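Structure record follows, encoded as structure tokens.
The values are calculated or read from the model by the stated rules, or taken from the named source; none is laboratory data. Nothing here was measured: the structure is a model prediction, and the numbers come from that model. All Cβ positions, even for glycine, are placed from backbone atoms using ideal geometry, and neighbour counts span all protein chains on display.
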Amino acid sequence: MSDLAIELHWQRAEPVLHTGKYSNAHTVQFNNHHDVQVDAAPDWGGDPAHTNPEQALASALSSCHMMTFLALAAKAGWPVASYHDYAVAHLGKNPKGQMSVTRIDLHPVVRFDTGFTVDDTHLAEMQDRAHRYCFIANTLAESVEINIL
């Protein structure tokens, strides 16, 4: 199977590494050329202008779900014209009492070519299949509740 990698770089800017007195800001590089500025979530002192790992997790799930949905829709002959999602990662304590992403809500909106319709039941079934086949959802299956609303 494939090995998919990123490169992460963090450099201390402060003279000494002291609890609560250093920046978590770092760069994640994809495919040797696309840099993303990453920091802690704002509630944990991060820069809200930067991506945080929790958003990246929600993004990974949303992207994987969409790509799986599109593959299934193409096989079914559904002419998807557009797909939009608003994904929300919720932070809280897991059953072990540890801080974690406890739930990710996906809010996909699918539009089809003019003249094509599918009823809500069949659309929900296809979203459920996409969830079951999504690699990222399968990775998170035991630890995160995923809601497709």
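Among Ala130, Ala60, Ala40, which is the only one that is in the same structural domain as Tyr22 (by TED's automatic domain parsing), aliphatic (A, V, I, L, M) and either within 14 Å of Ile146 (Cβ to Cβ) or surrounded by 15 or more Cβ atoms within 10 Å (Cβ to Cβ) (or both)?
Ala40
Return the pair list, or none, for Cβ contacts closer than 8 Å from residues in segment 9-28 that are under 23 Å from Ala56 (Cα atoms) to residues that are among the acidic types (Asp, Glu) and assigned to a loop (DSSP other than H, G, I, E, B), at least 6 apart or on different chains.
Qualifying pairs under 8 Å: Tyr22/Glu14; Ser23/Glu14; Ser23/Asp39; Asn24/Asp39; Ala25/Asp39; Ala25/Asp47; His26/Asp39.
Go through (1) farther than 28 Å from Trp44 by Cα; (2) at pLDDT below 95; (3) among the acidic types (Asp, Glu) one by one and return the number of the condition Asp113 breaks.
(2)
Anything in segment 102-122 that is of a type in the set (Val, Ile, Thr), within 19 Å of Met66 (Cβ to Cβ) and in contact with an Asp or Glu (Cβ under 9 Å, 6 or more places away or on another chain)? List them, or say none. Lay out the reasoning, then the answer.
As a first pass, look at segment 102-122 and keep what is of a type in the set (Val, Ile, Thr): 102, 104, 109-110, 114, 117-118, 121.
Right, trim to within 19 Å of Met66 (Cβ to Cβ) and you get 104, 109-110, 118.
Listed by number, the residues that qualify are Ile104, Val109.
Take segment 1-23 and flag every residue that is outside any loop (DSSP other than H, G, I, E, B) and in contact with a Phe, Trp or Tyr (Cβ under 9 Å, 6 or more places away or on another chain). Steps first, please.
Of all residues in segment 1-23, those outside any loop (DSSP other than H, G, I, E, B) come to 6-9.
Within segment 1-23, Ile6, Glu7 qualify.
Name every residue in segment 7-22 that is in contact with a Lys or Arg (Cβ under 8 Å, 6 or more places away or on another chain) and surrounded by 10 or more Cβ atoms within 10 Å (Cβ to Cβ), in order of residue number.
Applying the first criterion (in contact with a Lys or Arg (Cβ under 8 Å, 6 or more places away or on another chain)) to segment 7-22 yields 14, 22.
Within segment 7-22, Tyr22 is the sole residue that qualifies.
Pick out the one residue from Ile136, Ile104, Ile146 that is over 27 Å from His26 (Cα atoms), modelled with pLDDT under 95, within 16 Å of the chain's Cα centre (by Cα) and aliphatic (A, V, I, L, M). It would help to see each step written out before you state the result.
On the way: Ile136 fails: over 27 Å from His26 (Cα atoms); Ile104 fails: over 27 Å from His26 (Cα atoms).
Answer to the check: Ile146.
Would you confirm whether or not segment 88-99 contains a residue that is surrounded by 12 or more Cβ atoms within 10 Å (Cβ to Cβ), in contact with an Asp or Glu (Cβ under 9 Å, 6 or more places away or on another chain) and under 17 Å from Arg132 (Cα atoms)?
Initially, segment 88-99 is screened for residues surrounded by 12 or more Cβ atoms within 10 Å (Cβ to Cβ), giving 88-91, 94.
Still in the running and in contact with an Asp or Glu (Cβ under 9 Å, 6 or more places away or on another chain): 88-91.
Filter once more, keeping what is under 17 Å from Arg132 (Cα atoms): none.
No, the conditions are met nowhere in segment 88-99.
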